[in-house]
1. Give the number of residues within the range 113-154 that are among the hydroxyl-bearing types (Ser, Thr, Tyr) and either under 21 Å from the mean Cα position of the chain (by Cα) or modelled with pLDDT of 85 or more (or both).
2. Between a first residue in the range 429-442 that is on the phi < 0 side of the Ramachandran plot and crowded, with 20+ Cβ neighbours inside 10 Å and a second residue that is outside any helix (DSSP H, G or I) and of a type in the set (A, V, I, L, M, F, W, C), which pairs have beta carbons less than 9 Å apart while being 6 or more apart in sequence or on different chains?
3. Can you tell me how many residues in the range 221-261 are among the basic types (Lys, Arg), assigned to a helix (DSSP H, G or I) and surrounded by 15 or more Cβ atoms within 10 Å (Cβ to Cβ)?
4. Can you tell me which residue in the range 125-161 is surrounded by the fewest Cβ atoms within 10 Å (Cβ to Cβ), limited to those that are under 30 Å from MET95 (Cβ atoms), of a type outside the set (S, T, N, Q) and touching a helix residue (DSSP H, G or I) at 6+ places or on another chain (Cβ under 7 Å)?
5. One residue is enough: does the range 42-57 have a residue meeting the conditions assigned to a helix (DSSP H, G or I) and of a type in the set (S, T, N, Q)?
6. For residues that are modelled with pLDDT under 90 and in a helix (DSSP H, G or I), scanning just the range 398-408, find the one that is farthest from ALA446 (Cα to Cα).
Amino acid sequence: MKVFSKIDSFVRLFRQAVQGEHKEYTSGSIDRAIFMLSIPMILEMVMESLFAVVDIYFVSRLHDNDAVASVGLTESVLTIVYSIAIGLSMGGTAMVARRIGEKDVRSANEAAIQVIYIGIGVSALISFVGIFFAADILRVMGGSEALIQKGTGYTRWMFAGNVTITLLFLINAVFRGAGDASLAMRSLWLANILNMLLGPLFIFGWGPIPGFGVEGAAIATNLGRGAGVVFQFYYLLKGRGVLKLQRKYMLVNWEVIGRLLKVSLISVLQFLIASASWIFLMRIVSRFGSATTAGYIIAVRIIMFALLPAWGMANASATLVGQNLGAGQPDRAEKSVWRAAFFNVVFLGTVTIIFLILAEPLLGFFTSDASVIKSGVQCLQIVCLGYVFYAYGMVVSQSFNGAGDTRTPTLINLVGFWMFQIPLAYTLSIVMEMGSPGVYAAISIAESAIAVAGILLFRQGRWKTVKI
């Protein structure tokens, strides 16, 4: 009977978390708060990771390594866009969470609308670059002329429509900061379900709709994510969650924008440093041919399938840190971080075992090309060796950001990625002639070192005194 009672209690809590019924995270059980916040965030990220795998699966059905490679090269550069969006979103999450912790809902709403204004302005500039320089972007990334001819349409669509990606990130970030993680989950689920349904339709064609090939994947992405943004604005305007966009909040508030940018720009730099390192890694891997590149790209999608749910746990810790600091409870904020990190280690430790055992079948699901599978298996098995360290690292990094201390993880990333990971990847793969496995080893070693550095600095506690 006790077992059934516990199952019933778990199901009830799970339902409450998904429906967003619980909004108070500054009192009561820390484990319960982590559960209620992280479940919708994990489900949100599960859908994001599922989309990434499904998207590359349909592109791989074109049986064209150049098509797969063009997606990878484009997304390597798009990580800059994602970095800007994530950086801005961390400022939004930190400020909204802090105001909610202080019970200042009006200021939380003002911060939310200013974040949206910033996002629209930034995405307009990125669209201009992508529309007119799509082919040049692929060429700089080392794409062949055949690849450029096939992939330019995909690149142009992805950059031109980046406003949908940017706003989806930013608005979900303010939802999470307000404790409305279930709304963020629903908007991303809507966006990605539509994306997965429209993907094969536009890639292969159906009825009156022609097949656009790899370009169709980008069209589907923009339509799906655009629908998710419409859903977000619907809820903001209706005010069914904590936040509500009323006319009195719609004016541009330069003082709030200034404070947001002060926190966010360092955070943007933090993620740009990390993203730019991935561009260099992709550039090194592309030296070993399209098959190796395709294997690497597929493996990275599978890796993200595991890491994105783990990021859901990390995002939960960021919200808990921000709200508890706002409520004047720094010790509770710190306890929340260590508990979230422990749960993350359990999850990613399990994933590591799965990847080590099932790497080849997982890659074989996407392609039958032996050379592509070989590269992908090597990537998957080597990179996952650093997962246990990374489980702690991602939670600690997001907790710094949730506190508004974006400077510390930025410095860690600068040293860890640019001064350690990139030189190590080049040395192992080119100088020591290890080939692409040298790049994969550098990723695992560097991510582990970055995690250890983050833990040591977090324990010093200076993040508890940051004012935003």
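1. So the answer is 4.
2. GLY438/MET432; ALA441/MET434
3. The total comes to 2.
4. Checking each candidate, the answer is VAL129.
5. Yes; the residues of the range 42-57 include at least one that is assigned to a helix (DSSP H, G or I) and of a type in the set (S, T, N, Q).
6. The extreme case among them is GLY402.
A quick yes/no check of all residues on (1) in a helix (DSSP H, G or I); (2) within 29 Å of TRP338 (Cβ to Cβ):
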site: THR427; (1), (2): yes, no
site: GLU433; (1), (2): no, no
site: GLY438; (1), (2): yes, no
site: ALA441; (1), (2): yes, no
site: ILE445; (1), (2): yes, yes
site: VAL452; (1), (2): yes, yes
site: LEU456; (1), (2): yes, yes
site: LYS464; (1), (2): yes, yes
site: LYS467; (1), (2): no, yes
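Rundown of residues vs (1) hydroxyl-bearing (Ser, Thr, Tyr); (2) modelled with pLDDT of 90 or more; (3) farther than 23 Å from SER317 by Cα, yes/no style:
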| site | (1), (2), (3) |
| --- | --- |
| VAL388 | no, no, no |
| VAL396 | no, yes, no |
| LEU428 | no, yes, yes |
| ILE443 | no, yes, yes |
| GLY461 | no, no, no |
| VAL466 | no, no, no |
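The values are calculated or read from the model by the stated rules, or taken from the named source; none is laboratory data. Quick caveat, the model's predicted, so the values are computed rather than measured. FYI the Cβ positions are ideal-geometry reconstructions off the backbone, even for glycines, and counts take in every protein chain you see.
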